[in-house]
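To start, the structure under review is shown below, and the notes come after it.
The values are calculated or read from the model by the stated rules, or taken from the named source; none is laboratory data. Just so we're clear, the structure is a prediction, and the values are computed from it rather than from any experiment. Virtual Cβ from ideal backbone geometry, glycine too; neighbours counted across all protein chains shown. To get the accessible areas, we keep the full protein, side chains included, count just its heavy atoms, and leave off ligands, DNA and RNA. Shrake-Rupley method; radii C 1.70, N 1.55, O 1.52, S 1.80 Å.
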Amino acid sequence: MLDVTVNLYNTLGKRVEEFKPNEKGKVGMYTCGPTVYHFAHIGNLRTYIMEDVLEKTLRFIGYDVKRVMNITDVGHLSSDGDTGEDKMLAGAKREHKSVMDIAKFYTDAFKTDALKLNIRWPDVVDPATNCIDEFIEMIEVLLDKGYAYVAGENVYFDTSKLKDYYCLSAQNEDELVIGARDDVDEDTNKRNKADFVLWFTKSKFENQELKWESPWGLGYPGWHIECSCISKKHLGEYLDIHCGGVDNIFPHHTNEIAQSESYFGHKWCNYWFHVNHLNTSSGKMAKSAGGFLTVSSLEEKGYDPMVYRFFCLQSHYRKPLEFSYDALDNVSAAYDKLIARLKRLDVSEDKKDELKKSFKIDSSDDMENSGRHMSEAGKVPAGADSSVYLDYEKRFAEALAGDVNTSSAITVLYDVLKADTDDVTKAALVLRFDEVLSIDLKRAILAVEDESDEGEGVDSELAAYVEGKIAERAAAKKNKDFATADAIRDELAEKGIMIKDTREGTTWEKA
Ligand code: AMP
Ligand code: ZN
């Protein structure tokens, strides 16, 4: 384990604090997963990228991390309180499919996007519909202990029973202006404004597709209970770090604390890590707003998902980040420059093979397993200068240990490239850093590329035609004329020519 102190901003203490896990060397980390009624937008994915960096930072230093994430496939209403339509039901209606089909489709889509962004798929991913017994058990205990009540056939958490319900947020009851939004009706069953639903019965949403028997009637869980229960199920009653986006602080995480601590009878989670929002020039990117950007829409415009990840890493996770194509283009150019610089490192084929072994890099790795390997902290790979390697490994860890300062960590990467040492040591350090940054730097250093048989066996006339179209499309994209660029892609597709945008340029093949 590296001798590095981790400092994290803790929303609970509202300051940067030294991180001390409950059990030496081990970290239990819980992440609020997506509500799978639509594609994840690149704002959601900013949050998952930065949580991934936190997890990998801890692993880089030598912690043994267990990461758990839920998948919300039931119970999340259109407001994060208890009003509005069920998001899953709305998604199913929109697409004329069943709720379970929607959940499966968008869970798979989320996983594909996460893997494209080199986000390590969490050790445990559990959908809410898989944990109904656990929810019922926790709600029964909350009722027994007097923290919950039944009213109008729903079960509610009684926030007046807590001394410090608002411990996580600056909110207070007076700020909860009920009825201020059109879709928000006051729920007369609630004893206190801040009370929230633990279990809905048939009294709400007659057309709810997924319902389960419970001691309170046929119904379904509220949104907040799922994270308290799924965390308890896999990480026990003491949690080290809980993560999410800043919009989760209130009411979601506030309610999770209320439920878990009332159930356990003691403090539950020590560190709360919240990632700020990705905004567009017109405000927060949101699924409900429509017109949001996905990984696929960026790819269609020719951006490598690694460029988006690199874009996120340039800014601190606690600051809002404004998305624009101009900003992305600048990062794309910086990324290309970095890749070109790495390609110039002078590493012999033998040394490359040694590095591949040291970093367990296998070109045949499938997506899911690639990027999961984490080297042992403080272990110098064969061929690298050990004092230089250990010095920079520590500097990089220290940058990240300072409240996940990714831009400082990237500065350390550039410092390595300028350092007075040999290219094998530089290559080894870049590979090591990329275990956290995860922006596919190995492709440049070790020439690990997907096998591609582009254009093979195709006559030169066709090749000239396609290359001409690709050039036209590149020019259109450069002028931000995406409609023309898309039309060219479609025109080629009609002729059976599939094009693919890669960092090295656009490749093509005949179907
Ligand atoms: P959801 O699928 O809506 O439950 O959101 C998944 C995650 O994305 C949650 O942790 C949210 O806090 C986070 N999130 C939502 N909108 C944004 C945004 N514009 N920027 C960053 N994170 C977001
Ligand atoms: Zn949650």
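Which one is most open to solvent (accessible area, probe 1.4 Å) among residues in segment 214-244 that are part of a helix (DSSP H, G or I) and more than 12 Å from ligand 2 (Cβ to nearest atom)? I'd like the intermediate steps shown before the answer.
Within segment 214-244, the subset part of a helix (DSSP H, G or I) is 223-235.
Now restrict to residues that are more than 12 Å from ligand 2 (Cβ to nearest atom): 232-235.
Details: Lys232: 59, Lys233: 75, His234: 45, Leu235: 32 Å².
For segment 214-244, the residue satisfying everything is Lys233.
Which of the residues belonging to segment 252-282 are more than 20 Å from the chain's Cα centre (by Cα) and either at positive phi or modelled with pLDDT under 95 (or both)?
Matches in segment 252-282: Gly265, Ser281, Ser282.
Would you point out the residue of segment 48-62, among those that are more than 15 Å from ligand 2 (Cβ to nearest atom) and either part of a loop (DSSP other than H, G, I, E, B) or within 15 Å of Asp123 (Cβ to Cβ) (or both), that is nearest to the chain's Cα centre (by Cα)?
Going through the qualifying residues, I end up with Asp52.
Can you name every residue in segment 227-241 that is more than 11 Å from ligand 1 (Cβ to nearest atom) and within 22 Å of the chain's Cα centre (by Cα)? Before the answer, list the steps.
First pass over segment 227-241, keeping only residues more than 11 Å from ligand 1 (Cβ to nearest atom): 228-241.
Answer for segment 227-241, where residues must be more than 11 Å from ligand 1 (Cβ to nearest atom) and within 22 Å of the chain's Cα centre (by Cα): Ser228, Cys229, Ile230, Ser231, Lys232, Lys233, His234, Leu235, Leu239, Asp240, Ile241.
List the helices (runs of 4 or more DSSP H) that sit entirely inside segment 255-368 and contain at least 3 residues that are touching a helix residue (DSSP H, G or I) at 6+ places or on another chain (Cβ under 8 Å), among the aliphatic types (A, V, I, L, M) and open to solvent by less than 20 Å² (accessible area, probe 1.4 Å).
Once the helices (runs of 4 or more DSSP H) in segment 255-368 are filtered for at least 3 residues that are touching a helix residue (DSSP H, G or I) at 6+ places or on another chain (Cβ under 8 Å), among the aliphatic types (A, V, I, L, M) and open to solvent by less than 20 Å² (accessible area, probe 1.4 Å), what remains is 305-313, 325-343.
Among the residues of segment 250-301, which ones are hydrophobic (A, V, I, L, M, F, W, C) and more than 9 Å from ligand 1 (Cβ to nearest atom)? Talk me through it step by step, then tell me what you get.
Taking segment 250-301 as the starting set, the residues that turn out to be hydrophobic (A, V, I, L, M, F, W, C) are 250, 257-258, 264, 268-269, 272-273, 275, 278, 285-286, 289, 292-293, 295, 298.
Passing the criteria: Phe250, Ile257, Ala258, Phe264, Trp268, Cys269, Trp272, Phe273, Ala289, Leu293, Val295, Leu298.
Collect the residues in segment 299-331 that are among the hydrophobic types (A, V, I, L, M, F, W, C) and farther than 21 Å from Lys500 by Cα, keeping them in residue-number order.
Within segment 299-331, the first condition is being among the hydrophobic types (A, V, I, L, M, F, W, C), and the residues that meet it are 306-307, 310-313, 321, 323, 327-328, 331.
Matches in segment 299-331: Phe311, Cys312, Leu313, Leu321, Phe323, Ala327.
Considering only residues that are open to solvent by 10 Å² or more (accessible area, probe 1.4 Å) and within 13 Å of ligand 1 (Cβ to nearest atom), which ones fall in segment 48-75? Full working, then the answer.
Kept after step one, since they are open to solvent by 10 Å² or more (accessible area, probe 1.4 Å), are these residues of segment 48-75: 48, 59, 62-64, 66.
Answer for segment 48-75, where residues must be open to solvent by 10 Å² or more (accessible area, probe 1.4 Å) and within 13 Å of ligand 1 (Cβ to nearest atom): just Tyr48.
Are any of the residues in segment 383-403 at pLDDT 95 or above, within 20 Å of Ala334 (Cα to Cα) and open to solvent by 10 Å² or more (accessible area, probe 1.4 Å)?
no
In segment 1-47, which residues are open to solvent by 20 Å² or more (accessible area, probe 1.4 Å), within 22 Å of Lys284 (Cα to Cα) and either in a helix (DSSP H, G or I) or in contact with a Leu (Cβ under 9 Å, 6 or more places away or on another chain) (or both)?
The answer is Tyr37, Asn44.
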